[in-house]
1. Less than 14 Å apart at the alpha-carbon level, and either on another chain or at least 8 residues along: which aspartates and glutamates does that give for Lys93?
2. Over the chain, with a single point scatterer placed on each C-alpha, what log10 of the ratio I(q)/I(0) does the Debye formula yield at q = 0.07, 0.09, 0.11, 0.14 1/Å?
3. Please provide three numbers in whole Å: the alpha-carbon extents of the range 22-154 along the principal axes, with the largest listed first.
4. P(r) for the range 209-316: what percent of alpha-carbon pairs falls in each 5 Å bin, starting at zero?
5. Would you please name the trypsin sites (Lys or Arg not before Pro) within the range 75-152 that are DSSP coil residues with at most 12 other C-beta atoms within 10 Å of their C-beta?
6. What order do you get for 50-60, 243-253 when each peptide is scored by the mean count of other beta carbon atoms within 10 Å, highest first?
7. Starting from the range 194-302, pick out the GluC sites (Glu not before Pro) whose DSSP state is loop and whose Cβ has at most 14 other Cβ atoms within 10 Å.
8. Send over the per residue convex hull volume for the range 109-240, Cα only, as a whole number of Å³.
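Here, each number is a calculation from the coordinates, and none is a lab measurement. Fair warning: this is a prediction, and the values are worked out from it, not measured in the lab. Virtual Cβ from ideal backbone geometry, glycine too; neighbours counted across all protein chains shown.
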Amino acid sequence: MSERGAAGPGPATIQVSRIMRPDDANIAGNVHGGTVLKMIEEAGAIISTRHCNSGQGEPCVAALARVERTDFLSPMCIGEVANVSAEITYTSKHSVEVQVNVMSENILTGAKKVTNKATLWYVPLSLKNVNKVVEVPPIQYMHKEQEDEGRKRYEEQKLDRLETKQRNGDVILPVINPEPHTVGYSQSSLIHLVGPSDCTLLGFVHGGVTMKLMDEVAGIVAARHCKTNIVTASVDAINFHEKIKKGSVITISGRMTFTSNKSMEIEVFVDADPFVDEPQERYRAVSAFFTYVSLSKEGKPLPVPQLLTESEEEKRRFEEGKGRYLQTKAKRQAQMMQQAQMMQQAAQH
Ligand code: COA
């Protein structure tokens with residue numbers, strides 16, 4: 001039996017593999033964080049759409065609703081194989097939790113490393129009516145604790161996402177002649193026309209496509225700020241509250257909010273302008289915080305130039321970023337201590 005957390009109607013695990021090619025690389029020669037995020041989302045979309053169509057309900061496509069905070073644990077190199085495995089770990093009435101692991105494999109030596117672990121939530125939408133959320137066939141759990149833990153995660157994310165629904169953020173305006181290392185100096189935008197290859201069967205953008213574009217903009221901001229090779233270290237939880245329709249023009253904008261000694265936090269917004277078929281007002285589709293690290297030619301983290309904040313707003317955002325940084329650092333340290341204790345206990349037995 002596989003190590004899956006649940007069994008029931010529909011497939012509980014899948015694995016997708018792909019060799020990493022030069023067009024997946026960043027300038028340091030490693031695979032782009034955005035490419036990894038896109039692969040994670042593709043695996044999640046396959047398993048959740050399959051599962052949601054395995055019952056007696058109406059045909060549907062699973063839309064990405066949320067991605068939990070994701071850490072990039074180690075780099076993946078060009079020529080390696082990305083093995084992406086996805087497993088359904090919880091279902092609520094209308095949503096599916098998918099856990100995805102990404103492992104890089106050197107097919108010459110057989111060496112394998114875990115590069116990412118991500119948790120995604122999908123919501124099935126009817127093929128006949130894109131605005132209709134359909135019911136998810138429930139999975140059966142091997143142990144009651146798995147269901148209880150899944151429900152706890154479901155309740156926690158429900159609370160957390162209410163906050164981001166209210167956080168809309170402002171518009172990023174161009175700055176004339178900005179001083180180096182100010183927010184205006186590195187802020188960047190990318191404009192993209194949403195075409196069919198970006199979209200699901202229902203004609204709205206795949207979450208993975210959006211995350212890849214967001215990572216691209218965040219990378220440009222980080223590189224402009226520190227003028228070195230940069231890598232994605234983590235992405236905070238992202239909620240996809242609004243669909244983006246085919247034919248929309250999207251503007252993806254990023255600005256630096258905080259710098260620690262060796263990391264940079266970048267806030268990214270996606271604004272959609274749908275003007276084909278039924279013209280609609282421009283709206284904020286999604287926003288998220290990315291953390292980047294600057295690397296030396298040998299791949300070692302470098303100190304980053306400190307962000308110079310000018311306006312009251314920039315100072316406030318810097319303090320908020322510092323709060324998030326300290327909170328995640330404390331959590332990471334607590335996890336490391338817990339792991340060390342567990343290893344010590346195992347060694348004593
Ligand atoms: N994260 C996780 N689950 C979410 C969610 C989020 N951000 N937003 C809604 N849900 C879940 C709810 O918990 C509910 O499940 P439950 O009844 O089992 O608790 C289910 O979605 C339906 O919620 P409801 O309130 O009826 O729907 P909604 O009006 O909030 O719409 C979406 C939910 C996901 C359909 C809607 O927000 C949407 O279309 N988002 C964009 C999806 C998309 O286009 N993704 C790619 C973006 S590029």
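1. Glu135, Glu147, Glu155
2. Debye intensities relative to I(0), on a log10 scale: -0.31, -0.52, -0.78, -1.27.
3. Largest to smallest, the principal-axis extents are 46, 36, 24 Å.
4. Final binned percentages: 2, 13, 20, 19, 16, 12, 9, 5, 2, 1, 0.
5. For trypsin sites (Lys or Arg not before Pro) across the range 75-152 that sit outside H, G, I, E and B with at most 12 neighbouring Cβ atoms in 10 Å, the list reads Lys93, Lys128, Lys132.
6. 243-253, 50-60
7. Answer by residue number: Glu242, Glu281, Glu298.
8. Enclosed volume per residue, from the Cα hull, is 215 Å³.
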